[in-house]
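We did not get these values from a lab; they are worked out from the coordinates using the rules stated. The shown structure was predicted, so the numbers you read here are calculated from the model rather than taken from an experiment. All Cβ positions, glycine included, derive from the backbone under ideal geometry; neighbour counts span all protein chains shown.
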Amino acid sequence: MPVPQSINMELPIIYHPDYVAPLPEEHRFPMPKFGKLYELLLRDRLATPQQFHLPKLPPTEWIELVHTPEYVQAYCQGSLNPKAQRRIGLPWSPALAKRTCTALGGTILTAQLALTHGLACNTAGGTHHAFPSYGSGFCIFNDLAVAARVLQKLGVAHKILILDLDVHQGDGTAFIFQNDPSVFTFSMHCEVNFPGTKQKSDLDVPLPEGLDDDAYLQTLAKYLPDLLSECQPDIVLYDAGVDPHISDRLGKLALTDAGIYRREMQVLSTCVAAGYPVASVIGGGYAYDLDSLVDRHSFLHRAANEVYRQYRL
């Protein structure tokens, strides 16, 4: 399947100022990273202002393609019960609710632009622990699942591959599509890590603690090409979490900066060379050093720029 040619010579990147919402000081979710990533991409000339696309808030009915109306309404109105709120791990505020929906719209736009450009990158996204009726693990609505359903509803994609390389299993995504052959879920994650109770993806690759660059990349290479040829998706939704890094406080794997960058090049070039559009989200990352974390997230956009130019999308 050929990747559509683009009249735009630059990689599409999606960002919105509302990707950052206030959290209590010392909260362990690194909310500032989204704004800092945008600033880094411009400062290091990894992107021009013209490359950035501004997402819109998605209509409620799009969110409800995956999530129950009761849950969507309760979250957006701030009426979730305290237990459900604790399970998410982020204190509710109107700004956070708006941020949640804006980031969701960003992943939908990323997927739409990937179909027309061959490759596109969000500067947020990867909320793969959200289930239809509840949120979990800093994830409120499942942006990967909603984007997949929106593409199908609009009739622009039918077979979708969700490639999840966050260090934590994409349990919410696996559950949502567990009986749906039109969406293939692949999760390569640390076996002894959150969530404690794993769901069944179409293909799970649990990794041992402490796995290093070469072993990780060899494992990925063992699965990815065959997965693409067997699945033949209309689009790949790629969760590029950087929490497999050795310095990540929630990770337990041992990838280096070089390993993360090699992974991004491996994923993007393998998919694009085979003719499959890729929509990427940045996924998780929880290093203590925020600047190092932001730089690590930028490897996705650095690699995407390189692949975009290399294949002249």
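Packing order of peptides 233-241, 33-41, highest average first: 233-241, 33-41 (average count of other Cβ atoms within 10 Å over each peptide's residues). Each of the peptides 12-23, 162-173, 196-207 was scored by the mean count of other Cβ atoms within 10 Å over its residues; in descending order, highest first, they stand as 162-173, 12-23, 196-207.
Label-to-label distance, Asp257 versus Arg312, with points set 7 angstrom from Cα along the beta-carbon direction: 3.3 nm.
When each of the peptides 128-136, 247-255, 79-87 is scored by the mean number of other C-beta atoms lying within 10 Å of its residues, the order from highest to lowest reads 128-136, 247-255, 79-87.
Its alpha carbons considered, the chain gives a radius of gyration followed by a Dmax of 17.6, 50 Å. Taking other C-beta atoms within 10 Å as the exposure proxy, Val150, Val72 rank Val72, Val150 from fewest upward. Note down the net charge around Asp239, summing +1 for each Lys or Arg and -1 for each Asp or Glu among other residues with Cβ under 9 Å from its Cβ. Residues near Asp239 contribute -2 overall.
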